[in-house]
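**Q** Here you go, one structure.
The values are calculated or read from the model by the stated rules, or taken from the named source; none is laboratory data. Just so it is clear, the structure is predicted and the values come from calculations on it, not from any experiment. Every residue, glycine as well, gets a Cβ built from its backbone with ideal geometry; the counts of neighbours run over all protein chains shown.
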Amino acid sequence: MEGPRSCWAALEDKAQRTISALQAEMAQAAHMLETLHASRTRLLVLYDEYRTQLQSRTEQIGMQEAMNQRQFMSQLQTLHNRVEADIERTLSHQDLLQAALRKADTERLKMKTLRENALAVHNKELARLEQRAMDALGVQQYNRKAA
């Protein structure tokens with residue numbers, strides 16, 4: 001008799017590879033989020049420094065320098081807004097990855113269960129055939145002794 005169907009093991013392996021790929025992508029997203037948070041913090045600190053500097057030196061600096069600092073602060077604010085949008089996109093991406101990971105894990109568990117069930121059916125059939133062979137052998141030996 002041939003062994004249990006190997007397709008379940010192959011499908012379980014495929015689901016495990018999907019899980020591994022998703023976990024790697026989640027790690028990348030987490031690293032990206034960490035980087036974005038650090039960038040946001042740096043931008044906020046820099047913006048506050050320039051705002052404080054501009055407030056304390058308004059009378060001492062010329063009109064052109066004040067305009068340049070305000071323009072720079074505006075650019076910092078634009079960058080901050082981009083970083084915030086990137087953070088939101090990354091968080092949404094992480095949510096999608098988390099859902100895909102749950103789905104892939106469910107699929108892996110289903111394939112594992114099907115593989116285990118196929119193996120149990122195979123082992124039960126082997127045991128039945130072995131018992132039948134043992135019974136036939138026992139009958140043959142009985143018949144030899146009786147003859």
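**Q** What are the pairs, 6+ residues apart or on separate chains, where a residue within the range 58-83 that is closer than 30 Å to L36 by Cβ has its Cβ under 8 Å from a residue that is of a type in the set (V, I, T) and surrounded by 11 or more Cβ atoms within 10 Å (Cβ to Cβ)?
**A** Q69/I61
**Q** Something else about it: Among (1) hydroxyl-bearing (S, T, Y); (2) in contact with a helix residue (DSSP H, G or I) (Cβ under 7 Å, 6 or more places away or on another chain); (3) within 24 Å of A24 (Cα to Cα), which single condition is Y47 missing?
**A** Result: Y47 passes all but (3).
**Q** Which residues, taken from the range 122-147, are in contact with a Pro (Cβ under 7 Å, 6 or more places away or on another chain) and of a type in the set (V, I, T)?
**A** Once the filter is applied, which keeps residues that are in contact with a Pro (Cβ under 7 Å, 6 or more places away or on another chain) and of a type in the set (V, I, T), the range 122-147 yields nothing.
**Q** Of the conditions (1) loosely packed, with under 13 Cβ neighbours inside 10 Å; (2) touching a residue at least 60 places away in the same chain (Cβ under 8 Å); (3) small (G, A, S), A9 satisfies every one except a single condition; which number is it?
**A** Unmet for A9, out of (1) loosely packed, with under 13 Cβ neighbours inside 10 Å; (2) touching a residue at least 60 places away in the same chain (Cβ under 8 Å); (3) small (G, A, S): (1).
**Q** State whether one or more residues within the range 100-113 are modelled with pLDDT of 95 or more, surrounded by fewer than 12 Cβ atoms within 10 Å (Cβ to Cβ), in a helix (DSSP H, G or I) and among the hydrophobic types (A, V, I, L, M, F, W, C).
**A** No, the range 100-113 contains no residue that is modelled with pLDDT of 95 or more, surrounded by fewer than 12 Cβ atoms within 10 Å (Cβ to Cβ), in a helix (DSSP H, G or I) and among the hydrophobic types (A, V, I, L, M, F, W, C).
**Q** Please enumerate the residues belonging to the range 43-62 that are of a type outside the set (F, W, Y), surrounded by 13 or more Cβ atoms within 10 Å (Cβ to Cβ) and in a helix (DSSP H, G or I).
**A** Once the filter is applied, which keeps residues that are of a type outside the set (F, W, Y), surrounded by 13 or more Cβ atoms within 10 Å (Cβ to Cβ) and in a helix (DSSP H, G or I), the range 43-62 yields L43, L44, L46, R51, Q53, L54.
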